[in-house]
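Peer 1: Before we start, here is the structure in question, set down as structure tokens.
The values are calculated or read from the model by the stated rules, or taken from the named source; none is laboratory data. It should be emphasised that the depicted structure is a prediction, and the values quoted were computed from it without experimental measurement. Quick reminder, even Gly has a Cβ in these numbers, built from the backbone with ideal geometry, and neighbours come from all protein chains shown. Keep in mind that these areas ignore ligands, DNA and RNA; they rest on the heavy atoms of the full protein, side chains included. Shrake-Rupley method; radii C 1.70, N 1.55, O 1.52, S 1.80 Å.
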Amino acid sequence: MAHAAAYAGIAHAPLAVEQTEVHDAGAVAARVLALEPRYGQARGLLSNSDHLQTQTAMAV
């Protein structure tokens with residue numbers, strides 16, 4: 001919620017800030033795929049943690 005609030009009112013904010021189980025790369029990928037009908041195919045994903053590089057890369 002803090003991330004969504006931080007982007008409020010910014011002209012080029014992300015389409016969405018979504019939560020998922022970050023310790024499971026499969027859960028991250030599944031969440032990204034589940035959001036495609038709402039937002040379209042992901043063009044890029046941002047992460048606030050160096051520890052999520054693999055999960056983020058696998059989800060795109």
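Peer 1: Whole number in Å², please: accessible area per residue of the chain, 1.4 Å probe, ligands, DNA and RNA not counted.
Peer 2: About 81 Å² of surface per residue is accessible.
Peer 1: For the chain, which whole percent of the accessible surface, found with a 1.4 angstrom probe, sits on carbon and sulfur atoms?
Peer 2: Roughly 55 percent of what the probe reaches on the chain is carbon or sulfur.
Peer 1: Helix-only mean residue ellipticity at 222 nm, the chain, DSSP H runs n ≥ 4 weighted -39,500 (n - 2.57), per residue, nearest 500. What is it?
Peer 2: -13500 deg cm²/dmol
Peer 1: Can I ask one more? Would you work out the charge dipole size for the chain about its Cα centre, treating the Cβ of every Lys and Arg as +1 and the Cβ of every Asp and Glu as -1, and quote it to the nearest 20 debye?
Peer 2: Approximately 200 debye in magnitude.
Peer 1: Using only Cα atoms and rounding to the nearest 10 degrees, what angle (0 to 90) does helix 25-39 make with the longest principal axis of the chain?
Peer 2: 40
Peer 1: List the trypsin sites (Lys or Arg not before Pro) in segment 7-58 that DSSP assigns to loop (not H, G, I, E or B) and whose Cβ has at most 13 other Cβ atoms within 10 Å. Which are they?
Peer 2: In loop regions of segment 7-58 (DSSP not H, G, I, E or B), the sparsely surrounded trypsin sites (Lys or Arg not before Pro) are ARG43.
Peer 1: Put a dot 7 Å past each Cα toward the Cβ at ALA42 and GLN19; how far apart are the dots in nm?
Peer 2: 1.8
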